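The values are calculated or read from the model by the stated rules, or taken from the named source; none is laboratory data. Predicted model only: the values in this text are computed from it and were never measured. In this analysis, Cβ positions are derived from the backbone assuming ideal geometry, glycine residues included, and neighbour counts consider all displayed protein chains.
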Amino acid sequence: MVAQARRGELRHDGAWLAVLAFPILVSHQTEEWVRPGGFLPFCNHRVLGSDRPTWPLTERVGFHVNVTIGWSTALAGAALWRRSAVPAAAVLGLEAGNALMHTGMAVRERGYNPGVATGALLMGVHAIAGGRWLARSGRLSLGGASTAVATAAALSAGLPALMKRRLHHGHV
C-alpha cells in the first residue's frame with residue numbers, strides 16, 4: 001500500500017527498481033520451496049546431477065542462500081538506492097540469471113520446474129525493465145555496471161560450483 005501511495009515518487013527516482021526486488025524474490029522462493037515447492041530435489045537431481053534429493057543442497061544451505069544472501073542482497077539494493085545503483089543492478093543481474101536458468105531448463109526439458117513461473121514472469125520482466133531504466137537514467141557508471149555484473153556472475157556461477165564441489169567431495 002505504501003508503494004501504491006508513493007508510486008509517483010518511486011517512478012520518478014527509479015526506486016521501484018530496488019523496492020520490487022524483495023517481494024519478487026519472496027514470491028519466487030515461495031514457488032520454489034512452498035507452493036508448489038520441490039526445489040530441493042529439482043536442484044539436486046536435475047541441476048547438480050546428484051542421485052540424492054537432499055544433497056549437496058540441503059535445507060540449511062538453501063535457507064542461507066535464499067535468506068542470508070538473497071534477502072540481504074535485495075534489501076541492501078533498496079536501502080542503498082539513493083546512494084548507489086550498484087547493489088540494485090547486481091540484484092537485477094541475479095534475477096536475469098535465475099530467470100534464464102529456470103526458463104532454459106523448462107524449454108530444454110519441455111516442462112515445469114519449481115521457480116520457472118516467477119522466474120520468467122517476475123524476475124525476467126523486472127530485470128529487463130530495471131536494466132532499461134538504469135541504462136536510460138545515467139545512474140550507473142561503466143565501473144558500477146561492471147561491478148554489478150561481476151557480483152551477479154560470481155554468485156550465479158559460484159554457488160552451483162560450490163554445490164558441485166560439495167557433491168563430489170562430501171563437504172564445503
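Per-residue answers, yes or no, for (1) at pLDDT below 95; (2) assigned to a helix (DSSP H, G or I); (3) among the hydrophobic types (A, V, I, L, M, F, W, C):
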position	(1), (2), (3)
16	yes, yes, yes
28	no, yes, no
32	no, yes, no
62	yes, yes, no
71	no, yes, yes
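Would you check which residues across region 122-153 are surrounded by fewer than 15 Cβ atoms within 10 Å (Cβ to Cβ) and either farther than 17 Å from residue 17 by Cβ or of a type in the set (S, T, N, Q) (or both) and list them?
137, 141, 142, 143, 146, 150, 153
Report the residue count in region 36-55 for those that are part of a helix (DSSP H, G or I) and surrounded by fewer than 16 Cβ atoms within 10 Å (Cβ to Cβ). Show your work before the answer.
In the first step, residues of region 36-55 are kept if they are part of a helix (DSSP H, G or I); the result is 39-47.
Okay, now just the ones that are also surrounded by fewer than 16 Cβ atoms within 10 Å (Cβ to Cβ), so 41, 45-46.
Total meeting the criteria: 3.
Read through the list (1) surrounded by fewer than 17 Cβ atoms within 10 Å (Cβ to Cβ); (2) touching a His at 6+ places or on another chain (Cβ under 9 Å), then give the number of the only condition that residue 159 fails.
With respect to (1) surrounded by fewer than 17 Cβ atoms within 10 Å (Cβ to Cβ); (2) touching a His at 6+ places or on another chain (Cβ under 9 Å), residue 159 is out only on (2).
Report, by residue number, each residue of region 77-105 that is surrounded by fewer than 17 Cβ atoms within 10 Å (Cβ to Cβ) and either in contact with a Gly (Cβ under 6 Å, 6 or more places away or on another chain) or of a type in the set (A, V, I, L, M, F, W, C) (or both).
Within region 77-105, 79, 80, 100 qualify.
Matching residues to (1) part of a loop (DSSP other than H, G, I, E, B); (2) at pLDDT 95 or above; (3) among the aromatic types (Phe, Trp, Tyr):
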| position | (1), (2), (3) |
| --- | --- |
| 82 | yes, no, no |
| 103 | no, yes, no |
| 107 | no, yes, no |
| 119 | no, yes, no |
| 124 | no, yes, no |
| 134 | no, no, no |
| 144 | no, no, no |
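Scan region 42-81 residue by residue and report those that are more than 30 Å from residue 137 (Cβ to Cβ) and of a type in the set (Gly, Ala, Ser).
49, 50, 62
Checking residue 67 against (1) closer than 19 Å to residue 97 by Cβ; (2) crowded, with 17+ Cβ neighbours inside 10 Å, which single condition isn't satisfied?
(2)
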